[in-house]
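Q: Got a structure for you, written out below as structure tokens; questions coming shortly.
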Amino acid sequence: MPDPSASIALRGLDPGKPWSTPDAGREIDYAVRQRFPLWGKRGLARTAAGQQADAAGLDRNAAARELLADAETAYVRYWHADVAVDVLDRRIALLRQIEEMAGVRYALGRAAQQDAIRAQVEQTNLQRERIERLTASQEATASLNALLGRPGDAPLAPPIAQPALPVHSPRLAEALDAVDAHPAVRSELARAEAAHTNAVLQRRNRFPDVTVGIGAMQLGNGLESTELMLEVEIPFQQRARREREREARLLEEAALARADHARRTVESRGATAWAQWTRARERRELIENTLLPQADATFQSALASYQVGEVDFGTLLEALNEWQGADLARVDALRDELLGAAAVRAIEGDIR
């Protein structure tokens, strides 16, 4: 319902003294008018406003879900950087042991001095990689602090365990079933519904509204008369009205297109996240179940053979790099698996 309007009119003013005290013969008219939308316009306007409010609330829910998903992703990167540094530290420690072994064999005349030097060079390369991983850890710390509303350099407790990010959908089809319930999609659908309601409202504006008014005329200090007014709009401006209807129709079509685009975008993100999660999981399982045992056995065999002089230092160093490199590849694959799981959970809505 539109707000009512009130008016007051002073008659018989003296042009020379318009604000002088009114005399006994001056007329004062009072009037109150209220426009009454007919043909269901008031209900349509109320419905459209409610749909727009629902869309705003869903926008808030979508932003909250994205924020939680970003927090999970940032924590995964923070955890991964810490674990990767631990793997590099173990690898550096093993290289130091091998360097000592090469030094002993060199002292006994069973190996060349370059074996120990190669071990030192390899340690230096790993130290460089360790610095890069620490930089990634600092970046993840800053990102996580920003999401938590803390200063970027605020200290964080070291990660205690691997993040638990279960995916509950057994297949991609089940995961994509949650697309229609995603708040980003629902908000655009709510806006499309509001645009449709507004289009209907514009078509209803072809029919005139009614304005009812009541008034009273004061003459001097007494009430002289009262009046009842009835006004009806005359729909002369058809061209402008048709253009407003066309605008409302195009806005509805645009809102429907945005809703379809939002749905396809969420579906694409879900399918991409599912592929990342499943492929990374397969890669991690292959490394854990096949590559790591093979690389470990190769290193143990090369170490035993090097101690008795059956293989050279290069073979031992290559076996060590393959073994520990496989462990680092396992950690990287686990990171990709967890990042994919976080993205899938954002589609499923299973974020805590």
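Q: Among the listed residues Ala146, Ala161, identify the single one that is surrounded by fewer than 17 Cβ atoms within 10 Å (Cβ to Cβ) and farther than 27 Å from Ala280 by Cα. Walk me through it before giving the result.
A: Values: Ala161 fails: farther than 27 Å from Ala280 by Cα.
Matching residue, one of Ala146, Ala161: Ala146.
Q: Quick check on my filter: what residues within segment 153-183 are part of a helix (DSSP H, G or I) and touching an Asp or Glu at 6+ places or on another chain (Cβ under 8 Å)? Please lay out each step first, then the result.
A: First, pick out the residues of segment 153-183 that are part of a helix (DSSP H, G or I): 172-176, 183.
If the condition is that a residue be part of a helix (DSSP H, G or I) and touching an Asp or Glu at 6+ places or on another chain (Cβ under 8 Å), then Ala175, Leu176, Pro183 are the ones that fit.
Q: Name the single residue that is surrounded by the fewest Cβ atoms within 10 Å (Cβ to Cβ) among those in segment 314-352 being more than 20 Å from the chain's Cα centre (by Cα) and among the β-branched types (Val, Ile, Thr).
A: Here the answer is Thr315.
Q: Counting just the residues of segment 295-313 that are of a type outside the set (D, E, K, R) and surrounded by fewer than 13 Cβ atoms within 10 Å (Cβ to Cβ), which one comes out nearest to Val331 (Cα to Cα)?
A: Our first condition is that a residue be of a type outside the set (D, E, K, R); within segment 295-313, this holds for 295, 297-309, 311, 313.
Still in the list and also surrounded by fewer than 13 Cβ atoms within 10 Å (Cβ to Cβ): 297, 300, 304, 308-309.
Numbers: Ala297: 19, Gln300: 21, Ala304: 27, Val308: 33, Gly309: 33 Å.
This residue is Ala297.
Residue-by-condition table, conditions (1) at pLDDT 90 or above; (2) surrounded by fewer than 17 Cβ atoms within 10 Å (Cβ to Cβ):
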position	(1), (2)
Gly40	no, yes
Ala55	yes, no
Thr73	yes, no
Glu99	no, no
Gly103	no, yes
Ala107	no, yes
Gln120	no, yes
Arg128	yes, yes
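Q: Which members of segment 30-73 meet the condition of being part of a helix (DSSP H, G or I) and under 30 Å from Ile214 (Cβ atoms)?
A: Lys41, Arg42, Gly43, Leu44, Ala45, Arg46, Ala49
Q: Name the pairs whose Cβ atoms lie under 7 Å apart, with the first residue in segment 176-204 and closer than 21 Å to Ala343 by Cα, the second of a type in the set (S, T, N, Q) and surrounded by fewer than 21 Cβ atoms within 10 Å (Cβ to Cβ), and 6 or more positions between them or separate chains?
A: Partner pairs satisfying both residue conditions: Pro183/Asn61.
Q: How many residues are surrounded by 11 or more Cβ atoms within 10 Å (Cβ to Cβ) and at pLDDT 65 or above when one looks only at segment 7-37?
A: Residues that pass the stated criteria total 18.
The values are calculated or read from the model by the stated rules, or taken from the named source; none is laboratory data. Bear in mind that the values here come from a model prediction, so they are computed numbers and not experimental data. In this analysis, Cβ positions are derived from the backbone assuming ideal geometry, glycine residues included, and neighbour counts consider all displayed protein chains.
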